[in-house]
Amino acid sequence: MWGDEPRVTGMFSRFDYTDAALTTGERFLKLVEGVDEPETRLPDMPGWTLVDCLGHVALAPARFLALARGEGEWCRQAIDVPDFNAKQIANLPTRDVSVLARQLREGLDILVDTVSHFNAQVPKMRFDGDRLIRADAALGILIGEFVVHGHDIARAVGARWWVEPDVVLMIIRGRQQVLPSWVDPTAAAGHDGTYDIRLRGCSERYLYEFTDGELTINPDDPRRAEVHVSVDPAAALLIGYGRLSPTWAALTGRAFAWGSKPWLAPRLAQKFLPA
(Lines give C-alpha, C1' and ligand atoms only; values in the text may rest on other atoms or scores of the structure.)
Protein backbone atom coordinates (compact mmCIF):
# COMPACT_ATOMS: atom_id res chain seq x y z
CA MET A 1 0.00 0.00 0.00
CA TRP A 2 2.83 2.37 0.76
CA GLY A 3 5.51 1.06 -1.60
CA ASP A 4 8.78 -0.64 -0.80
CA GLU A 5 11.20 0.75 1.73
CA PRO A 6 13.45 3.52 0.36
CA ARG A 7 16.97 2.45 -0.56
CA VAL A 8 18.63 5.72 -1.47
CA THR A 9 18.14 9.12 0.10
CA GLY A 10 19.50 12.27 -1.53
CA MET A 11 18.68 15.92 -1.75
CA PHE A 12 15.34 16.82 -3.30
CA SER A 13 15.19 19.72 -5.73
CA ARG A 14 12.21 22.05 -6.07
CA PHE A 15 11.32 20.13 -9.23
CA ASP A 16 11.20 16.86 -7.29
CA TYR A 17 8.71 18.55 -4.96
CA THR A 18 6.63 20.03 -7.79
CA ASP A 19 6.51 16.72 -9.67
CA ALA A 20 5.48 14.88 -6.52
CA ALA A 21 2.82 17.50 -5.74
CA LEU A 22 1.28 17.13 -9.20
CA THR A 23 1.41 13.32 -9.11
CA THR A 24 -0.01 12.88 -5.61
CA GLY A 25 -2.57 15.63 -6.13
CA GLU A 26 -3.91 13.93 -9.25
CA ARG A 27 -3.90 10.55 -7.54
CA PHE A 28 -5.91 12.02 -4.66
CA LEU A 29 -8.44 13.49 -7.11
CA LYS A 30 -8.86 10.24 -9.01
CA LEU A 31 -9.55 8.47 -5.74
CA VAL A 32 -12.14 11.05 -4.72
CA GLU A 33 -13.81 11.17 -8.13
CA GLY A 34 -14.17 7.39 -8.09
CA VAL A 35 -16.34 7.36 -4.95
CA ASP A 36 -20.09 7.26 -5.55
CA GLU A 37 -21.19 8.73 -2.22
CA PRO A 38 -19.48 12.07 -1.44
CA GLU A 39 -20.97 12.22 2.06
CA THR A 40 -19.14 9.04 3.11
CA ARG A 41 -17.88 9.43 6.69
CA LEU A 42 -14.13 9.17 7.34
CA PRO A 43 -13.33 7.06 10.44
CA ASP A 44 -9.89 8.64 10.84
CA MET A 45 -11.35 12.16 10.74
CA PRO A 46 -14.36 12.18 13.10
CA GLY A 47 -17.03 14.56 11.91
CA TRP A 48 -15.62 14.81 8.39
CA THR A 49 -17.15 13.44 5.21
CA LEU A 50 -15.36 12.83 1.93
CA VAL A 51 -16.56 16.16 0.52
CA ASP A 52 -15.44 17.97 3.69
CA CYS A 53 -12.00 16.48 3.20
CA LEU A 54 -11.94 17.37 -0.50
CA GLY A 55 -13.01 20.93 0.28
CA HIS A 56 -10.25 21.28 2.87
CA VAL A 57 -7.63 19.95 0.46
CA ALA A 58 -8.97 21.92 -2.52
CA LEU A 59 -8.32 25.20 -0.71
CA ALA A 60 -4.78 24.27 0.28
CA PRO A 61 -2.83 25.19 -2.91
CA ALA A 62 -4.29 28.72 -3.02
CA ARG A 63 -3.52 29.13 0.68
CA PHE A 64 0.09 27.98 0.21
CA LEU A 65 0.48 30.36 -2.75
CA ALA A 66 -0.81 33.30 -0.70
CA LEU A 67 1.55 32.46 2.16
CA ALA A 68 4.49 32.18 -0.25
CA ARG A 69 3.64 35.71 -1.42
CA GLY A 70 3.60 37.00 2.14
CA GLU A 71 -0.18 37.13 2.27
CA GLY A 72 -2.91 34.80 3.51
CA GLU A 73 -3.71 33.45 6.97
CA TRP A 74 -1.88 31.12 9.28
CA CYS A 75 -2.46 30.05 12.86
CA ARG A 76 -0.02 31.59 15.32
CA GLN A 77 -0.50 28.54 17.53
CA ALA A 78 -0.86 25.00 16.19
CA ILE A 79 -3.57 24.31 18.77
CA ASP A 80 -5.84 26.67 16.79
CA VAL A 81 -5.57 24.69 13.52
CA PRO A 82 -8.62 22.40 14.14
CA ASP A 83 -10.86 25.46 14.63
CA PHE A 84 -9.37 27.08 11.53
CA ASN A 85 -10.12 23.93 9.50
CA ALA A 86 -13.66 23.64 10.90
CA LYS A 87 -14.48 27.23 9.91
CA GLN A 88 -12.95 26.66 6.50
CA ILE A 89 -15.17 23.62 5.88
CA ALA A 90 -18.28 25.32 7.27
CA ASN A 91 -17.78 28.16 4.79
CA LEU A 92 -17.04 26.11 1.67
CA PRO A 93 -18.46 27.97 -1.35
CA THR A 94 -19.74 24.67 -2.78
CA ARG A 95 -20.04 20.98 -1.93
CA ASP A 96 -20.03 19.94 -5.58
CA VAL A 97 -17.23 17.39 -6.01
CA SER A 98 -16.54 18.30 -9.64
CA VAL A 99 -16.26 22.01 -8.84
CA LEU A 100 -13.96 21.40 -5.86
CA ALA A 101 -11.85 19.00 -7.92
CA ARG A 102 -11.45 21.62 -10.64
CA GLN A 103 -10.48 24.22 -8.04
CA LEU A 104 -7.81 21.89 -6.66
CA ARG A 105 -6.36 21.12 -10.08
CA GLU A 106 -6.26 24.77 -11.13
CA GLY A 107 -4.85 25.97 -7.82
CA LEU A 108 -2.18 23.29 -7.81
CA ASP A 109 -1.10 24.12 -11.37
CA ILE A 110 -0.68 27.80 -10.46
CA LEU A 111 1.22 27.00 -7.26
CA VAL A 112 3.56 24.55 -8.98
CA ASP A 113 4.27 26.99 -11.80
CA THR A 114 5.08 29.71 -9.26
CA VAL A 115 7.44 27.47 -7.26
CA SER A 116 9.13 26.27 -10.47
CA HIS A 117 10.00 29.87 -11.34
CA PHE A 118 11.47 30.88 -7.98
CA ASN A 119 14.92 32.40 -8.41
CA ALA A 120 18.01 31.13 -6.60
CA GLN A 121 16.96 32.88 -3.38
CA VAL A 122 13.84 30.94 -2.47
CA PRO A 123 11.31 32.99 -0.47
CA LYS A 124 10.32 31.95 3.01
CA MET A 125 6.76 31.89 4.24
CA ARG A 126 4.91 31.86 7.54
CA PHE A 127 3.03 28.70 8.40
CA ASP A 128 0.82 27.31 11.16
CA GLY A 129 2.55 27.46 14.50
CA ASP A 130 4.15 30.73 13.34
CA ARG A 131 7.05 28.95 11.68
CA LEU A 132 9.15 30.54 8.93
CA ILE A 133 9.89 27.90 6.29
CA ARG A 134 11.19 27.64 2.73
CA ALA A 135 8.36 28.07 0.26
CA ASP A 136 9.57 25.24 -2.01
CA ALA A 137 10.15 22.66 0.75
CA ALA A 138 6.73 23.65 2.12
CA LEU A 139 5.36 21.57 -0.75
CA GLY A 140 6.30 18.56 1.37
CA ILE A 141 3.57 19.61 3.80
CA LEU A 142 1.07 20.05 0.96
CA ILE A 143 1.98 16.64 -0.44
CA GLY A 144 1.30 15.30 3.05
CA GLU A 145 -2.25 16.68 2.76
CA PHE A 146 -2.79 14.70 -0.45
CA VAL A 147 -1.19 11.52 0.85
CA VAL A 148 -2.57 11.35 4.39
CA HIS A 149 -6.10 12.44 3.46
CA GLY A 150 -5.96 10.05 0.51
CA HIS A 151 -5.15 7.36 3.04
CA ASP A 152 -8.17 8.47 5.12
CA ILE A 153 -10.52 8.21 2.15
CA ALA A 154 -9.07 4.94 0.86
CA ARG A 155 -9.59 3.34 4.28
CA ALA A 156 -13.15 4.60 4.43
CA VAL A 157 -14.12 3.15 1.04
CA GLY A 158 -11.83 0.11 0.90
CA ALA A 159 -9.78 1.42 -2.03
CA ARG A 160 -6.14 0.76 -2.82
CA TRP A 161 -3.74 3.59 -2.00
CA TRP A 162 -0.17 3.81 -3.25
CA VAL A 163 2.65 6.17 -2.29
CA GLU A 164 6.24 6.06 -3.53
CA PRO A 165 8.98 5.83 -0.87
CA ASP A 166 10.67 9.07 -1.91
CA VAL A 167 7.36 10.90 -1.54
CA VAL A 168 7.09 9.68 2.06
CA LEU A 169 10.53 11.14 2.75
CA MET A 170 9.58 14.48 1.18
CA ILE A 171 6.56 14.70 3.48
CA ILE A 172 8.61 13.84 6.56
CA ARG A 173 11.23 16.44 5.66
CA GLY A 174 8.54 19.04 5.06
CA ARG A 175 6.87 18.25 8.36
CA GLN A 176 10.14 18.53 10.30
CA GLN A 177 10.17 22.26 9.52
CA VAL A 178 7.06 22.89 11.63
CA LEU A 179 7.09 20.02 14.11
CA PRO A 180 8.54 21.94 17.11
CA SER A 181 5.45 24.17 17.08
CA TRP A 182 3.18 21.12 17.24
CA VAL A 183 4.41 19.96 20.64
CA ASP A 184 1.47 19.68 23.02
CA PRO A 185 2.38 22.05 25.88
CA THR A 186 0.34 20.02 28.35
CA ALA A 187 1.46 16.52 27.35
CA ALA A 188 5.11 17.55 27.03
CA ALA A 189 5.25 19.84 30.08
CA GLY A 190 8.57 19.39 31.89
CA HIS A 191 9.66 16.57 29.58
CA ASP A 192 13.38 15.98 29.04
CA GLY A 193 14.41 13.28 26.60
CA THR A 194 16.57 12.68 23.55
CA TYR A 195 15.35 10.41 20.75
CA ASP A 196 17.50 9.05 17.94
CA ILE A 197 15.07 8.24 15.10
CA ARG A 198 16.33 6.20 12.14
CA LEU A 199 14.21 5.59 9.06
CA ARG A 200 14.75 2.12 7.65
CA GLY A 201 16.16 1.44 4.21
CA CYS A 202 17.79 4.85 3.85
CA SER A 203 20.22 7.25 5.50
CA GLU A 204 17.50 9.45 6.99
CA ARG A 205 18.06 10.04 10.70
CA TYR A 206 16.83 12.66 13.17
CA LEU A 207 17.62 13.62 16.74
CA TYR A 208 14.68 14.95 18.74
CA GLU A 209 15.82 16.68 21.90
CA PHE A 210 13.21 17.77 24.46
CA THR A 211 14.28 20.20 27.16
CA ASP A 212 11.60 21.11 29.69
CA GLY A 213 8.96 20.36 27.07
CA GLU A 214 10.61 22.33 24.24
CA LEU A 215 11.66 20.40 21.13
CA THR A 216 14.80 20.99 19.08
CA ILE A 217 15.41 18.81 16.01
CA ASN A 218 19.03 17.96 15.22
CA PRO A 219 20.58 20.38 17.77
CA ASP A 220 24.14 21.60 17.16
CA ASP A 221 25.39 20.24 20.48
CA PRO A 222 23.14 17.23 21.18
CA ARG A 223 22.89 15.23 24.37
CA ARG A 224 23.39 11.48 24.31
CA ALA A 225 20.27 9.71 23.06
CA GLU A 226 18.29 7.82 25.70
CA VAL A 227 16.24 5.90 23.16
CA HIS A 228 16.96 4.78 19.61
CA VAL A 229 14.11 4.01 17.24
CA SER A 230 14.32 2.12 13.95
CA VAL A 231 11.08 2.63 12.05
CA ASP A 232 9.65 2.03 8.60
CA PRO A 233 9.23 5.47 6.94
CA ALA A 234 5.55 4.94 6.05
CA ALA A 235 4.85 3.85 9.62
CA ALA A 236 6.70 6.90 10.95
CA LEU A 237 4.55 9.13 8.74
CA LEU A 238 1.25 7.55 9.79
CA ILE A 239 2.23 7.57 13.47
CA GLY A 240 3.16 11.23 13.16
CA TYR A 241 -0.24 12.05 11.70
CA GLY A 242 -2.07 9.98 14.31
CA ARG A 243 -3.23 7.34 11.81
CA LEU A 244 -1.23 4.44 13.24
CA SER A 245 -0.65 3.28 16.80
CA PRO A 246 3.03 3.15 17.87
CA THR A 247 2.22 0.00 19.82
CA TRP A 248 0.77 -1.67 16.72
CA ALA A 249 3.85 -0.63 14.71
CA ALA A 250 6.10 -2.22 17.34
CA LEU A 251 4.05 -5.42 17.57
CA THR A 252 4.11 -5.87 13.78
CA GLY A 253 7.84 -5.20 13.49
CA ARG A 254 7.51 -1.85 11.71
CA ALA A 255 9.23 -0.10 14.61
CA PHE A 256 11.78 -1.18 17.20
CA ALA A 257 13.24 0.75 20.14
CA TRP A 258 16.30 0.24 22.32
CA GLY A 259 18.58 2.23 24.61
CA SER A 260 18.61 3.22 28.27
CA LYS A 261 14.94 4.31 28.17
CA PRO A 262 13.20 2.38 25.39
CA TRP A 263 9.78 2.96 27.02
CA LEU A 264 9.95 6.58 25.86
CA ALA A 265 9.45 5.57 22.22
CA PRO A 266 5.74 4.62 22.22
CA ARG A 267 4.95 7.78 24.21
CA LEU A 268 6.62 10.16 21.77
CA ALA A 269 3.57 10.60 19.53
CA GLN A 270 1.54 11.65 22.59
CA LYS A 271 3.81 14.68 23.02
CA PHE A 272 2.35 16.31 19.89
CA LEU A 273 -0.95 17.92 19.00
CA PRO A 274 -3.20 15.98 16.58
CA ALA A 275 -2.40 16.61 12.91
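Which trypsin sites (Lys or Arg not before Pro) does the stretch 123-212 hold that lie in a coil by DSSP with at most 10 other beta carbons within 10 Å?
Counting only loop positions with at most 10 other Cβ atoms within 10 Å, the trypsin sites (Lys or Arg not before Pro) in the stretch 123-212 are R160.
I'd like the FRET efficiency for E33 and N91, computed as 1/(1 + (r/R0)^6) with the beta carbon distance as r and R0 of 22 Å, rounded to 0.05.
Taking R0 as 22 Å, the efficiency between E33 and N91 is 0.40.
Taking the Cα centre of the stretch 116-261 as origin, work out the dipole magnitude from +1 charges on Lys and Arg Cβ and -1 charges on Asp and Glu Cβ, in debye rounded to 20.
400
Over the stretch 107-258, what is the mean sequence separation of C-alpha contacts under 8 Å (at least six apart), divided by residue count, expressed as relative contact order in percent?
Relative contact order for the stretch 107-258 comes out at 17 percent.
In the stretch 20-96, what percent of the accessible surface is made up of carbon and sulfur (1.4 Å probe, ligands and nucleic acids excluded)?
50
Which order do D36, D196, D44 take when ranked by solvent-accessible area (1.4 Å probe, heavy atoms of all protein chains), largest first?
The ordering from most to least exposed comes out as D36, D44, D196.
Ignoring any ligand, DNA or RNA, what whole percent of the accessible area of the stretch 98-211 comes from carbon and sulfur when the probe is 1.4 angstrom?
That share works out to 49 percent.
In square angstrom, what is the accessible area per residue of the stretch 44-187 with a 1.4 angstrom probe?
Normalised by residue count, the accessible surface of the stretch 44-187 is 43 Å².
Quick one: order I89, I171 from most to least accessible surface, probe 1.4 Å.
I89, I171
Using the Cα centre as the reference, give the magnitude of the dipole from point charges on the C-beta atoms of the chain (Lys, Arg: +1; Asp, Glu: -1; all else neutral), rounded to the nearest 20 debye.
With only Lys, Arg, Asp and Glu charged at Cβ, the dipole is about 360 debye.
Calculate the dipole size of the stretch 13-144 relative to its Cα centre from +1 charges on Lys and Arg beta carbons and -1 charges on Asp and Glu beta carbons; express the result in debye to the nearest 20.
Magnitude of the dipole: close to 420 debye.
Which whole-angstrom value gives the distance between the alpha carbon centres of the stretch 176-242 and the stretch 65-111?
28
Normalised by the number of residues in the stretch 16-74, what is the relative contact order in percent for Cα pairs under 8 Å and 6+ residues apart?
17
Applying the Karplus parametrisation 6.51 cos²θ - 1.76 cosθ + 1.60 with θ = phi - 60° to the phi angles of the stretch 212-220, what ³J(HN,Hα) value in whole Hz is obtained for each residue in order, glycine and proline being reported as x?
Residue by residue, the stretch 212-220 yields 6, x, 9, 9, 10, 9, 6, x, 5 Hz.
State the answer as a single residue: which of L50, A86, P61 lies farthest towards the positive end of the charge dipole of the stretch 50-90, with beta carbon charges of +1 for Lys and Arg and -1 for Asp and Glu, about the Cα centre.
P61
Once you keep just the Cα pairs under 8 angstrom separated by 6 or more residues, what percentage relative contact order results for the chain?
21
Which percent, nearest 5, of DSSP beta bridges in the stretch 184-275 are antiparallel?
So the antiparallel bridges amount to about 75 percent of the total.
Among G193, G174, G70, whose mean-square fluctuation peaks in a Gaussian network model of the chain (Cα, cutoff 10 Å)?
G70
The values are calculated or read from the model by the stated rules, or taken from the named source; none is laboratory data. Keep in mind it's a predicted model, so treat the numbers as computed, not measured. As a convention, Cβ positions derive from the backbone with ideal geometry for all residues, glycine included, and neighbour counts pool all protein chains shown. In case anyone asks, the SASA skips ligands and DNA or RNA and just uses the protein heavy atoms, side chains included. Shrake-Rupley method; radii C 1.70, N 1.55, O 1.52, S 1.80 Å.
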